[in-house]
1. Nm distances between the label at B:Leu58 and the same-position labels in the remaining copies, 7 Å along Cα→Cβ, shortest first?
2. Exactly which trypsin sites (Lys or Arg not before Pro) in the range A:157-266 are in a DSSP loop and have at most 16 other Cβ atoms within 10 Å?
3. I'd like the orientation of helix D:316-328 relative to chain D: the angle between its Cα long axis and the longest Cα principal axis, in ° from 0 to 90, rounded to 10.
4. Only bridges with both residues in chain D count here: give the DSSP antiparallel percent, nearest 5.
5. Between the label point of D:Arg86 and that of the same position in each other copy, find the distances and list them shortest first in nm, with every label point placed 7 Å from Cα along the Cα-to-C-beta direction.
6. Between copies, how far apart are the C:Asp217 label points? List them in nm, one decimal, shortest first, with each point 7 Å from Cα toward Cβ, please?
7. Tally Lys and Arg at +1 and Asp and Glu at -1 over the other residues with C-beta under 14 Å from the C-beta of B:Val185: what net charge comes out?
8. Within the range A:38-120, list the GluC sites (Glu not before Pro) lying in a DSSP loop whose Cβ has at most 16 other Cβ atoms in a 10 Å radius.
Protein chains: 4
Amino acid sequence: MNAQATAMVLVGFKTPLEERRYPIPEPAAGEVLVRLTASGLCFSDVHMWQGEDPRTPLPIILGHEGVGEVAEVGGEVTDVTGKVLRVGDPLFWDRGVVCGRCHYCTVLREPYLCPNRFVYGIHRSCEHPPHLLGSYADYLLLDARTRTFSLVGCDVDPAVLVAAGCSGATAAHCLEVAAPSLGDVVVVQGPGPLGLFLAAMGARAGARDVIVIGGTDARLKLALSLGATCTLNRRATTPEERRTSILELTDGRGADIVYEAVGAAVAVTEGLTLVRHGGAYVSAGFGQPGGSLPLDPFRDVVRKNVRFLGVWVSDTRHARQALDLILSEPDTFAPIISHRFPLSDATQALEAMHRKEALKAVLLPAGEGSR
Amino acid sequence: MNAQATAMVLVGFKTPLEERRYPIPEPAAGEVLVRLTASGLCFSDVHMWQGEDPRTPLPIILGHEGVGEVAEVGGEVTDVTGKVLRVGDPLFWDRGVVCGRCHYCTVLREPYLCPNRFVYGIHRSCEHPPHLLGSYADYLLLDARTRTFSLVGCDVDPAVLVAAGCSGATAAHCLEVAAPSLGDVVVVQGPGPLGLFLAAMGARAGARDVIVIGGTDARLKLALSLGATCTLNRRATTPEERRTSILELTDGRGADIVYEAVGAAVAVTEGLTLVRHGGAYVSAGFGQPGGSLPLDPFRDVVRKNVRFLGVWVSDTRHARQALDLILSEPDTFAPIISHRFPLSDATQALEAMHRKEALKAVLLPAGEGSR
Amino acid sequence: MNAQATAMVLVGFKTPLEERRYPIPEPAAGEVLVRLTASGLCFSDVHMWQGEDPRTPLPIILGHEGVGEVAEVGGEVTDVTGKVLRVGDPLFWDRGVVCGRCHYCTVLREPYLCPNRFVYGIHRSCEHPPHLLGSYADYLLLDARTRTFSLVGCDVDPAVLVAAGCSGATAAHCLEVAAPSLGDVVVVQGPGPLGLFLAAMGARAGARDVIVIGGTDARLKLALSLGATCTLNRRATTPEERRTSILELTDGRGADIVYEAVGAAVAVTEGLTLVRHGGAYVSAGFGQPGGSLPLDPFRDVVRKNVRFLGVWVSDTRHARQALDLILSEPDTFAPIISHRFPLSDATQALEAMHRKEALKAVLLPAGEGSR
Amino acid sequence: MNAQATAMVLVGFKTPLEERRYPIPEPAAGEVLVRLTASGLCFSDVHMWQGEDPRTPLPIILGHEGVGEVAEVGGEVTDVTGKVLRVGDPLFWDRGVVCGRCHYCTVLREPYLCPNRFVYGIHRSCEHPPHLLGSYADYLLLDARTRTFSLVGCDVDPAVLVAAGCSGATAAHCLEVAAPSLGDVVVVQGPGPLGLFLAAMGARAGARDVIVIGGTDARLKLALSLGATCTLNRRATTPEERRTSILELTDGRGADIVYEAVGAAVAVTEGLTLVRHGGAYVSAGFGQPGGSLPLDPFRDVVRKNVRFLGVWVSDTRHARQALDLILSEPDTFAPIISHRFPLSDATQALEAMHRKEALKAVLLPAGEGSR
């Protein structure tokens, strides 16, 4: 292949991305070259663009929510189910690449905590070859350790699948850490993509009631269509009113599980008051620092015998679960994708997210007219 | 029975207990009248005596760690294993009495959270009959719902068993919430009775290393005899030095589980820095408020994917486990009982605890020379 | 109350039930006298009627799936949520009464295994007072230890609720023992009431696919309406064809969980071949002996690293979960009740079950015209 | 390296191994060439030698329990804790090599079930390069995916460590599947190396009593020194007497967990009668077929609400746990190694195992006099 790949590159914080061209690499053994068909924007991208995550290695091709087609394979490569990948196969992959050899990967079986983990579009600069390690581009080179899922035979819009890789997978991780039992009452704080997946998964995992708390009526309405049974607009209610609503639904006890998908300390303060004695508070919204809160261990955690559970990123198990869920109900999840842009409009897409106009924007690298 | 029972009664905060006499009641159906042979002092008793727990109903017979002999039984009463209780049988019991009917007792199977739970020596005043509901006395009347364990055939000093009922049982609850896997490294904060049981149980449940942090050399030395493999005196080390020691023992990761048995917010702040990513922080030391701390959810909980687990009191399962453990190694656990007093010296016993002179004091209601 | 209660009594195996009258008792403290509004027939009743369960104490009022209204209360009695019961309140209860004091109830928290457990309509003869301990009657006296659920405010046909008490609750127990993770593939063997609840709960607990195997097209069709995604008629397929279908759905692995709701050894033989390596086989269909099978531990259990899990009856947690599920979707579950009879036609109802004409029959003690 | 390696090769079933020489390979990137210092014999080796496992690929270098020293490294290779391996480092490794990419490795996190798993000394013939894939040799070439543990700084006899890799690791897997709670009573069937590790681990994981059943007094005595609290010689007792002993120790209930380490169907039949209602039967002794038994699902599994759990091989987590345990108490575990032979006497070593003279034999490839 002699052609050039096109990428939108973050060169400096708070400035427009630059379109750059890179040579398309020949995949080495085990590597897979992917032609991207859709690339989701995560709110973490906005934080990186704004320079709020100082670890960001510049210049970088952002984008960790990619979906594509196999363009070239380095030898025989199989996906997670053992299917041999062929050129043209639609493909999904776990955004995180782990070493598979360390104490976390092998002894603890917690690969999401692998100290050698890297994520496409987050940890690697595009300064040096192979350059193409983020999905705001038309080509991406998958490391040989990447776990892939062939989508052959699935006729689903790739743009709808992007969220499986990040917010969907992280939500699945939350469910693994604390899943509702049949009949439980669940609260979700924050109706962004992560919170919407939590609401959808909570409902599908057996919760009797799923209450979503948020500040935007449109997102709360979407939560209802995804499985929430009740919503509370935090602009129209006081914390005390919300607490009263939840106590009323639970014979005065409080929620069995509260999932936090906000990323602000103030949400934790409220959320801990909503959990019943013996319940679980699952915090997953903090992709980066979000302030601190005064915690009274006696009142907030010990006297209530509460489990306060931090959830960091996700692994291949969770990506598989999120992907399966969207594949089984694509029309239900499609509305999470609120905006679509051609690749060259990546900066506009980031702006739409930044202004909270877009719930989730997707870049379509194959051209503005794709699907 | 016509005789009178003698009790040491808390009449006013921070004042000496008063010796009072009450009629010995006839047990109704299912009730058991116990002649106490040993009554442990818990540090919660000191808090109540000092008026630091405003819920304390005055006047009250303190004492929730009792061991005794069956004096009279209301009809046929069986212990947890189905043995019929007979007059003279040595007896142990779960200090907490639960309703057995509510959502917590039946649907959630979390009886320690039963809203109708009461504890001998804590929740019931002695103002009205049957008066004898605390173990700073020579007789105690067990409610028909009390879960008892016959000690027939066990030739163990009752004074050594008192701790099974409260600190031992609470430690067993901590182990239920997060038990070490084979080879784990465990930290215990605080070498009081609760922390000592945590060290002993952690070692016996498979931990490879058990590090105890405390401020008193004598207590740390006792921890070693109970199974700790290493101790750190917080008066002789900085928090950073302690953290370094623990990282060195764990290939740089941190402890798999940290158990908190201090009850002060500052311990939580330190303890959360000692847990590895993916590990558990189990907080059980707060029997009453112990201040608050600034918590950064991103740094302290989410990025580390940590489980922060509150543990409140205990139930019959835990009492059984703690009792079994002491019965199997009574000589190992005997040194936890540092002081013995006749019943009439209850105030002196409280003072010895208050001054931290006594690790655990025991009252011997049958007379100073008993055993 | 001076009136007489009417009951249909099993006097001899394989003979018609006899209508008998008993004095209506005055409830003692904690007891609740219930006027029955619906009484479900379980296939165990047929086994007892046919003399296939030799423990059956004759004469007996069968019926362990009762729903009713409070007729009289012995003092102040509360339900599981703490609501005080009042005359006229519609009421549901856990069919099993446990002692709440033994090792199984307290230390192991497995009350379904309480050796003192008794079930209305199964374990107690009606020969002696209070006689009214089965629900093929118009009145039932609830023991003071019975866990009740007030249905005040629920406008649901009591006939639809009966199945929550036995097959629904046992299915919930199966889910507690092995619940699907999001995306799992689940197989249910046997589309009787137990299997139908398993299919419904499996689907609502996150399974991606729920395959039901059975011999009756009508029941398999009902399974689909309850949440199954696929059915296999065992009269129209060979075991090898069924296995092939399931392997195809699972990339060649087999089902993550197989639930057995048949009660015949031959089903276990087949079922174990349908589970993937590392999966779970949950056997709950054997309410009584159902033959034996040759088991090769290497091939069937060890090489596959399979969990083979026996499930016996259920407890209050499970009854609550099953009740909540039906209350939230009564129209979905209503078709499980295929036949309704007046109390006096109890023998005909048993015959309809025996002939497998009825999926589940319900007696309406308040009269043939009720609802 | 130009020298030749020496290996003892299984050329035909039931015939003496042949000494052969192979070129010592240069390790490719990620590979590690190991000079073996000890090689354990597992009873599976005897089965393979006897032709009882028809999958055995001839010719083959047997031996899956190797310990050695790094002879040469292909580039920079790290062990599980991240330590860079250097020539001369003593080394231990997980005997099983898995793909790290399949559904079992990534989605299910059950790598012991990886369909691409291979084990040194079991699955690969020595016919083709690199030949050296079993540990009855003086050199072994570790595949790049092998998980290694540097033993730098551990002054422990390598012969004592061999058992960690197979029987120790499999025992750790059993404990992961069902670990005793504090105070549980545990039974182990079979005092071979697997059963001895189960007894040792059960005792160290919190069991109150560990009863070992076996047929050889010397092995039962060794079990006591490893942590068993009681032994039953099956040649001196009837099954009914053994059952009675266990019921007596458990207030009539039966063992909380029974671990099977025999590999014969008759042991399963007995073992299932020894488990309490609600307990676990963990079967791990079947490395190959061991007959079948008649199983009555009602009586044996369902009515007892038992978990019957198959355990197949082990993974890196388990190898780590077993290794740590031996390293912490090498003198306790040393007696498991009953016989030592020079490499050239491998056939005699197999014969000593076959005659049950040796509990575990070890080959010392560095010469008969080593340690």
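Bear in mind these aren't lab numbers, they're just calculated from the coordinates by the rules spelled out. Treat the numbers as computed from the prediction; the structure is a model and nothing was measured. Every residue, glycine as well, gets a Cβ built from its backbone with ideal geometry; the counts of neighbours run over all protein chains shown.
1. 6.7, 7.0, 9.2
2. A:Arg235
3. 90
4. 55
5. 5.2, 7.2, 8.3
6. Label point to label point, same position, other copies: 5.1, 7.2, 8.8 nm.
7. In short, 0.
8. Passing both the DSSP loop test and the Cβ count: A:Glu52, A:Glu76.
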